[in-house]
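So the structure is just underneath, and the comments pick up after that.
The values are calculated or read from the model by the stated rules, or taken from the named source; none is laboratory data. These numbers were taken from a predicted model, which means no experiment stands behind them. Don't worry about glycine lacking a Cβ; one is built from the backbone with ideal geometry, like all the others, and counts go over all protein chains shown.
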Amino acid sequence: MKLRRIEIENFRAFASPLEIEIDDFTAFIGRNDVGKSSILAALTIFLEGDGVKIDQCDGSLHGDRSKVRITCEFDDLPEKIVLDDAYETNLRDEHLLRSNGRLRITKLYDCSKSKISPVIFINAENHPVDESSKSLLPLTIQELRREAEKRQVTLETGEGTIKARIRRAIVERSHAYQFRPIDIPVDKNETRTLWEQILKYLPLCALFVSDRSSSDQDPEAQSPMGVAVEQALVEIEDQLGELAAHVETRVKEVADRTLTKLREMNAELAAELKPQLKEKSIKWKSLFKYTLTSDLEVPMDKRGSGVRRLVLLNFFRAEAERKASVDGHRSIIYAIEEPEASQHPDHQRMLMRALLEISENTGQVLVSTHAPGLAGEVPVDSLRLIDMDASKRRFIRSADIEDPSSFYRDIAEKLGMLPDNLVRVLICVEGANDIRFLRHISHTLHESDRSIPDLSLNPSFAMIPMHGGNLRDVVNLHLFKNFRKPEFHIYDRDDNNTYQEQAKEVNQRGDGSKAVQTSKRTMENYIHPAAVVRIAGYNIEITDDNDVVMCLCGILGKKKSEVKALLSDEVAPAMTVEEIDERDPNREIRGWLQEIGSMARGSERKGFKS
């Protein structure tokens with residue numbers, strides 16, 4: 001199951017309902033104390049993850065503390081669930097889903113009480129109910145049979161012994177039940193069984209808070225290594241038993257000799273004493289404490305806070321994945337507060353790329369940040385800006401529900417993100433992989449021909465992915481429009497005239513901007529197969545027209561995104577100048593780069609200021 005929406009009401013600063021759509025990667029941004037951490041805490045409370053438990057202080061001071069509500073919607077649901085002991089059914093056939101196909105669950109907490117436990121509801125949108133708005137789902141098999149008899153529904157052979165089939169017969173043949181929205185409590189009989197089945201599939205929430213300690217002796221850090229210790233001890237369990245017996249025998253011998261000597265001095269006292277093992281169970285695991293040291297034998301607790309925190313974060317990831325594997329069906333939601341804390345900017349970017357990869361391959365990732373550097377690396381579609389109105393009511397903003405230009409402008413202002421005032425030319429390409437490809441190729445060509453700009457180092461150029469860019473690039477794109485920067489657009493060869501029309505539009509602007517299309521199918525078709533062999537170990541055919549990425553996907557058994565990253569990040573920088581020219585005999589790439597360099601010089605002469 002995957003989380004797709006969370007709603008919060010009367011929880012901490014969120015007195016009014018807050019509704020948030022969740023992606024595989026979601027980034028909550030905003031100023032300090034606006035409520036980013038509270039959203040992650042609410043999710044952890046709902047999913048009963050480690051690290052946060054609800055208490056009286058979580059009730060909103062400006063709302064109804066007795067009605068704290070956390071609601072979550074999920075998709076990627078199990079195809080089958082087992083009810084009625086062994087009968088397989090599914091959530092759709094039981095009419096428990098929303099019209100969008102999601103499962104919606106609400107937990108209500110009364111934070112005015114000292115002992116707080118949730119009341120849980122499944123919020124069905126189109127569920128059969130009788131004239132009193134009651135569902136058949138909580139009824140026992142005897143109650144269902146009586147209901148069938150009351151509604152004059154004759155049960156066919158085999159129907160009367162299975163609750164799911166009785167419910168279906170009553171709904172379909174009695175005409176007494178209407179489909180309406182209903183909140184079904186999961187507190188008894190079949191609803192309790194249903195909830196136990198759903199619990200097997202709910203995601204596991206692993207919360208990493210910003211102010212946690214960062215020692216490798218913390219329980220979170222010791223846990224994965226502790227598991228390794230336990231597994232190793234199990235392998236030598238027989239030998240450990242023999243060792244314990246040997247120790248017990250020797251200790252008893254010493255005790256007996258001691259009492260023998262004591263009898264010589266005080267027989268009465270010796271008679272009162274006898275050797276007895278105080279605690280027979282030996283906690284072998286407690287004998288082993290591990291740390292991580294550097295090559296210079298510097299223990300982890302003596303390293304810098306950034307290194308300690310980075311290592312602990314990955315211990316945390318390892319433990320979350322272990323728990324999920326033990327539970328079998330459950331996916332993982334990594335909820336991470338301020339991952340940039342104590343990290344060098346290079347580590348921030350590396351960490352963000354790692355988290356993005358996790359969201360694509362392993363589980364969902366939710367992060368909170370107010371750091372411009374980290375927020376700038378976040379995919380635009382994943383951004384959720386938490387904002388406040390004049391009455392301090394919090395609400396969520398995103399690019400898909402308001403004008404993108406004003407959204408990006410406000411984000412830049414609130415986070416302190418500014419466009420680079422050294423930029424002279426915007427280079428607009430289709431995606432992030434094209435950016436990395438051009439940076440590597442331009443660097444290689446620049447080394448042999450200084451007239452070609454090095455896009456990887458020169459601050460005069462800002463490269464913008466037009467489809468699915470990150471925040472920094474999109475902010476630059478929207479804000480630079482006000483400064484009349486010339487743009488150089490590179491589109492893939494277009495078989496449907498889509499990009500041809502876009503290129504024509506750019507070339508007709510009259511502001512010095514220019515657009516070109518590749519003569520080959522995509523950027524990947526400029527890759528030399530010899531470089532692929534050196535990096536990936538496979539010889540593939542690369543023509544001007546074949547699908548290089550899908551070809552490698554089949555050979556390497558990797559996803560399309562992974563192959564694109566391999567080609568742009570590893571193969572492209574491995575190409576020599578001779579290989580670049582061999583795959584590009586018409587010097588097309590050189591021509592683009594020389595034109596871009598000329599545009600930058602022209603922009604500087606015209607005195608455009610940002």
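What are the pairs with Cβ atoms under 9 angstrom where one residue, in the range 242-267, is in contact (Cβ under 8 Å) with a residue 24 or more places away in the chain and the other, located anywhere, is of a type outside the set (Phe, Trp, Tyr) and surrounded by fewer than 11 Cβ atoms within 10 Å (Cβ to Cβ)? Sequence gap at least six, or different chains.
244/280; 248/280
Taking the range 151-164 only, how many residues are closer than 25 Å to residue 122 by Cβ and either in contact (Cβ under 8 Å) with a residue 40 or more places away in the chain or among the small types (Gly, Ala, Ser) (or both)?
Result for the range 151-164: 3.
Checking residue 68 against (1) under 30 Å from residue 391 (Cβ atoms); (2) at pLDDT 95 or above; (3) surrounded by fewer than 20 Cβ atoms within 10 Å (Cβ to Cβ), only one condition comes out false. Which one?
Result: residue 68 fails condition (3) only.
State the number of residues belonging to the range 121-154 that are buried (at least 18 other Cβ atoms within 10 Å of the Cβ) and either aliphatic (A, V, I, L, M) or assigned to a loop (DSSP other than H, G, I, E, B) (or both).
Within the range 121-154, residues that are buried (at least 18 other Cβ atoms within 10 Å of the Cβ) and either aliphatic (A, V, I, L, M) or assigned to a loop (DSSP other than H, G, I, E, B) (or both) number 10.
Out of (1) in contact (Cβ under 8 Å) with a residue 60 or more places away in the chain; (2) more than 29 Å from the chain's Cα centre (by Cα), what's the single condition that is false for residue 537?
The one condition residue 537 does not meet is (1).
Given (1) over 22 Å from residue 391 (Cβ atoms); (2) without any contact (Cβ under 8 Å) to a residue 60 or more places away in the chain, identify the lone condition not met by residue 59.
The single condition residue 59 does not satisfy is (1).
Quick check, is residue 577 in the same structural domain as residue 460 (by TED's automatic domain parsing) and modelled with pLDDT of 95 or more?
On the way: in the same structural domain as residue 460 (by TED's automatic domain parsing): yes; modelled with pLDDT of 95 or more: yes.
It is true that residue 577 is in the same structural domain as residue 460 (by TED's automatic domain parsing) and modelled with pLDDT of 95 or more.
Applying the selection to the range 178-190, what residues are within 14 Å of residue 94 (Cα to Cα) and modelled with pLDDT under 90?
190
Can we say residue 441 is at pLDDT 80 or above, in a helix (DSSP H, G or I) and under 24 Å from residue 564 (Cα atoms)?
On the way: at pLDDT 80 or above: yes; in a helix (DSSP H, G or I): yes; under 24 Å from residue 564 (Cα atoms): yes.
In short, yes.
What's the number of the condition residue 196 fails, among (1) out of contact with any strand residue (DSSP E or B) (no Cβ under 8 Å at 6 or more places or on another chain); (2) surrounded by 15 or more Cβ atoms within 10 Å (Cβ to Cβ); (3) acidic (Asp, Glu)?
Answer for residue 196: the failing condition is (2).
Looking at (1) modelled with pLDDT of 80 or more; (2) acidic (Asp, Glu); (3) farther than 21 Å from residue 562 by Cβ, can you tell me which one residue 473 breaks?
With (1) modelled with pLDDT of 80 or more; (2) acidic (Asp, Glu); (3) farther than 21 Å from residue 562 by Cβ applied to residue 473, the lone miss is (1).
Results for (1) within 25 Å of residue 337 (Cβ to Cβ); (2) crowded, with 17+ Cβ neighbours inside 10 Å; (3) touching a residue at least 24 places away in the same chain (Cβ under 8 Å); (4) of a type in the set (Phe, Trp, Tyr), shown as yes or no for each residue.
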| position | (1), (2), (3), (4) |
| --- | --- |
| 63 | yes, yes, yes, no |
| 77 | no, yes, yes, no |
| 93 | no, no, yes, no |
| 97 | no, yes, yes, no |
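Scanning the range 155-193 for residues that are in a strand (DSSP E or B) and touching a helix residue (DSSP H, G or I) at 6+ places or on another chain (Cβ under 7 Å), which turns out surrounded by the most Cβ atoms within 10 Å (Cβ to Cβ)?
So in the range 155-193, the residues in a strand (DSSP E or B) come out as 178-185.
Next, only the ones that are touching a helix residue (DSSP H, G or I) at 6+ places or on another chain (Cβ under 7 Å) stay: 184-185.
Working: 184: 22, 185: 17.
Here the residue is 184.
Quick one: would you say residue 121 is touching a residue at least 24 places away in the same chain (Cβ under 8 Å), closer than 21 Å to residue 43 by Cα and not small (Gly, Ala, Ser)? Before the answer, list the steps.
Values: touching a residue at least 24 places away in the same chain (Cβ under 8 Å): yes; closer than 21 Å to residue 43 by Cα: yes; not small (Gly, Ala, Ser): yes.
Criteria met by residue 121.
Return yes when residue 405 is modelled with pLDDT of 80 or more, within 29 Å of the chain's Cα centre (by Cα), of a type in the set (Ser, Thr, Tyr) and closer than 22 Å to residue 380 by Cα and no when it is not. Walk me through how you get there before you give the answer.
Values: modelled with pLDDT of 80 or more: no; within 29 Å of the chain's Cα centre (by Cα): yes; of a type in the set (Ser, Thr, Tyr): yes; closer than 22 Å to residue 380 by Cα: yes.
So residue 405 does not fit the description; no.
Cβ contacts < 8 Å: first residue in contact (Cβ under 8 Å) with a residue 12 or more places away in the chain, restricted to the range 191-205; second residue among the small types (Gly, Ala, Ser) and surrounded by fewer than 16 Cβ atoms within 10 Å (Cβ to Cβ), any location; separation 6+ or different chain. Result?
Here the result reads 200/328, each pair linking the range 191-205 to a residue that is among the small types (Gly, Ala, Ser) and surrounded by fewer than 16 Cβ atoms within 10 Å (Cβ to Cβ).
Can you give me the ranges of the helices (runs of 4 or more DSSP H) entirely in the range 496-610 with at least 3 residues that are within 29 Å of residue 425 (Cβ to Cβ)? Show your work before the answer.
On the way: elements: 498-507, 529-536, 548-556, 560-566, 577-583, 588-606.
Answer list for the range 496-610: 498-507, 560-566, 577-583, 588-606.
Give me the pairs: first residue in the range 498-522 and assigned by TED's automatic domain parsing to the domain that holds residue 438 and within 11 Å of residue 488 (Cβ to Cβ), second residue at pLDDT 85 or above and in a helix (DSSP H, G or I), beta-carbon distance under 8 Å, and six or more apart or on different chains, which are they?
512/599; 513/507; 514/507; 514/595; 514/599; 515/504; 515/507; 516/592
Test of understanding: among 104, 5, 31, 92, which residue is at pLDDT below 95 and under 23 Å from residue 366 (Cα atoms)?
Details: 104 fails: at pLDDT below 95; 5 fails: at pLDDT below 95; 92 fails: under 23 Å from residue 366 (Cα atoms).
Within the list 104, 5, 31, 92, the selection yields 31.
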